[in-house]
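J.: Here it is: the structure, laid out below.
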Amino acid sequence: MVLPGATIGVLGSGQLGRMFAISARRMGYRVHTFSPDEDTPTGQVADLEINAAYDDLDAVRKFASGVSVVTFEFENVPGATAEAAAACAPVRPAGDVLHVTQHRLREKTFLAKHGFPVTEFHAVRSEAALRQAWHGPSILKSAGFGYDGKGQFTIRNVDEIGDAWKHMRQEAVLESMVDFECEFSVVAARTEDGNFIHYEPSRNNHVRGILDICSSPAALPPNVVRDAVAMTRSLLESLCVVGVLCVEFFLTRTGKILVNELAPRPHNSGHLTIDACITSQFEQQLRAVCGLPLGSPRMFRPAAMANLLGDLWDGGEPDWRAACSLPAAKLHLYGKLAARPGRKMGHLTATADTPGEAETLVRRARASLL
């Protein structure tokens, strides 16, 4: 067990690490962060920011030797980095969880092999293989290092295959498009001794492949919630996750649940837990990797979250005063140094008597920024 007063190491330095570090410091832990960048969202609130390349394994080992446990805030940390850290301190979740979830083809293969329902998919390594695999509207996704819609191309007809491969030119996964009713996610946590908690599912709306709005509890049939939570628990157990895992799902128009993607860390759709739940997903990650008892995930009130992308800065500094004038809205900014289109700069949350009312409030708060 890693008790308060100890030092936690975080591989990665973005906004997820920032919110994790805030939770950790509130509970009396010190936080060290490791990434190639300087003055990062995590580094701004950590006790120590170490700047080195992920493939500088000597620096990684030195970093891990100075902490009691290592976790990560995004899954694109190289496997060799996690292995080097594990030689000096426990890494939670373990590097083999990273190995599966940072590569779409390995992830889809793992899901199918273990009996989890997924959309039809094919491995693609050449244009010829792509042409052979394509049998209708599909999405071509890079096998590795893709997020927020990056490395994805929709192919609706055969004439678009050549152009899609021209832009891809790397190992990829071709997935059949799903006629879905909605997208939703379940964030859950698991300890080393198998204790498990889950949050209420969030209903997610994406724009250009990036999460735009989510609300919780999701308006889903009870049997869908039950089955999705059961799948989530089974996934954490199958992967032996120690920490937090988010499972993104499709609900088809025929009522079938499909697993879309896994994220072995706190997730964008779980940010609302900071303001709406007894224990946030970030504190839950801390508790799990330190071997502490998990906290209650119970919601105080329904909630919604709206992402704030760099596009909001196109007309100058957003009107923060206007958003903060709405009493039910909470502003979270990540301390990023430059706003760019599509870049997540922060988020807003709102709570209300119903998820729909919370969504209306958070949309109103975001609109007021302009």
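J.: Could you list, ordered by first residue, the pairs with Cβ atoms under 8 Å in which the first is in segment 235-258 and at positive phi and touching a residue at least 24 places away in the same chain (Cβ under 8 Å) and the second is surrounded by fewer than 22 Cβ atoms within 10 Å (Cβ to Cβ) and hydrophobic (A, V, I, L, M, F, W, C), at least 6 apart or interchain?
T.: Qualifying pairs under 8 Å: 240/94; 255/224.
J.: Would you pick out the residues in segment 290-327 that are touching an Asp or Glu at 6+ places or on another chain (Cβ under 9 Å) and over 23 Å from residue 361 (Cβ atoms)?
T.: 291, 295
J.: Now, a different point. For residue 205, which of the numbered conditions (1) closer than 28 Å to residue 366 by Cα; (2) more than 21 Å from the chain's Cα centre (by Cα) fails to hold?
T.: Tallying (1) closer than 28 Å to residue 366 by Cα; (2) more than 21 Å from the chain's Cα centre (by Cα), residue 205 fails exactly one: (2).
J.: Additional query: Restricting attention to segment 208-217, which residues are small (Gly, Ala, Ser) and either surrounded by 20 or more Cβ atoms within 10 Å (Cβ to Cβ) or farther than 15 Å from residue 260 by Cα (or both)? Please lay out each step first, then the result.
T.: Keep residues of segment 208-217 that are small (Gly, Ala, Ser), which gives 209, 215-216.
Residues satisfying the conditions are 215, 216.
J.: Can I ask one more? Please enumerate the residues belonging to segment 334-369 that are in contact with an Asp or Glu (Cβ under 7 Å, 6 or more places away or on another chain), more than 12 Å from residue 308 (Cα to Cα) and not hydroxyl-bearing (Ser, Thr, Tyr).
T.: 337
J.: Sort out for me the helices (runs of 4 or more DSSP H) sitting completely within segment 1-100 that have 2 or more residues that are crowded, with 23+ Cβ neighbours inside 10 Å and within 23 Å of the chain's Cα centre (by Cα). Break it down stepwise before answering.
T.: Details: elements: 15-26, 57-65, 79-86.
Answer list for segment 1-100: 15-26, 79-86.
Table: residues versus (1) free of Cβ contacts under 8 Å to residues at least 24 places away in the same chain; (2) within 23 Å of residue 209 (Cα to Cα).
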| site | (1), (2) |
| --- | --- |
| 88 | no, no |
| 108 | no, yes |
| 113 | yes, no |
| 121 | no, yes |
| 132 | yes, no |
| 138 | no, yes |
| 141 | no, yes |
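J.: Still on this structure, please answer the following. Consider residue 35 against the criteria (1) of a type in the set (S, T, N, Q); (2) in contact (Cβ under 8 Å) with a residue 40 or more places away in the chain; (3) within 21 Å of residue 83 (Cα to Cα): it satisfies all of them except one. Which criterion is unmet?
T.: For residue 35, the failing item is (2).
J.: Next up: Give the residue that is farthest from residue 99 (Cα to Cα), with candidates limited to residues of segment 135-149 that are touching a Lys or Arg at 6+ places or on another chain (Cβ under 7 Å) and modelled with pLDDT of 85 or more.
T.: Going through the qualifying residues, I end up with 137.
J.: Taking segment 266-296, which residues are more than 19 Å from residue 3 (Cα to Cα) and in contact with a helix residue (DSSP H, G or I) (Cβ under 6 Å, 6 or more places away or on another chain)?
T.: Listed by number, the residues that qualify are 266, 270, 273.
Listed here are the residues, each with its yes/no results for (1) in a strand (DSSP E or B); (2) surrounded by fewer than 21 Cβ atoms within 10 Å (Cβ to Cβ); (3) modelled with pLDDT of 90 or more.
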site	(1), (2), (3)
164	no, no, no
187	yes, no, yes
194	no, yes, yes
219	no, yes, yes
223	no, yes, yes
227	no, yes, yes
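J.: Now a separate question. Hey, does segment 124-142 have a residue that's assigned to a helix (DSSP H, G or I) and in contact with a Phe, Trp or Tyr (Cβ under 6 Å, 6 or more places away or on another chain)?
T.: Keep residues of segment 124-142 that are assigned to a helix (DSSP H, G or I), which gives 127-133.
This time we only want the ones that are in contact with a Phe, Trp or Tyr (Cβ under 6 Å, 6 or more places away or on another chain), so: 127, 130.
Yes; the residues of segment 124-142 include at least one that is assigned to a helix (DSSP H, G or I) and in contact with a Phe, Trp or Tyr (Cβ under 6 Å, 6 or more places away or on another chain).
Matching residues to (1) of a type outside the set (Gly, Ala, Ser); (2) surrounded by fewer than 19 Cβ atoms within 10 Å (Cβ to Cβ):
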site: 138; (1), (2): no, no
site: 142; (1), (2): no, no
site: 175; (1), (2): yes, no
site: 206; (1), (2): yes, yes
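J.: Same structure again: Take segment 343-353 and flag every residue that is surrounded by 14 or more Cβ atoms within 10 Å (Cβ to Cβ) and under 29 Å from residue 220 (Cβ atoms). Please lay out each step first, then the result.
T.: Filtering segment 343-353 down to residues surrounded by 14 or more Cβ atoms within 10 Å (Cβ to Cβ) leaves 343-352.
Correct list: 344, 346, 347, 348, 349, 350, 351, 352.
J.: State which residue is surrounded by the most Cβ atoms within 10 Å (Cβ to Cβ) when the search covers only segment 292-334 and only residues that are over 22 Å from the mean Cα position of the chain (by Cα) and of a type in the set (Gly, Ala, Ser).
T.: Looking at the filtered set, the residue picked out is 329.
The values are calculated or read from the model by the stated rules, or taken from the named source; none is laboratory data. Not measured: the values here are computed from a predicted model. No Cβ is skipped: glycine too gets one built from the backbone with ideal geometry, and neighbour counts run over all protein chains shown.
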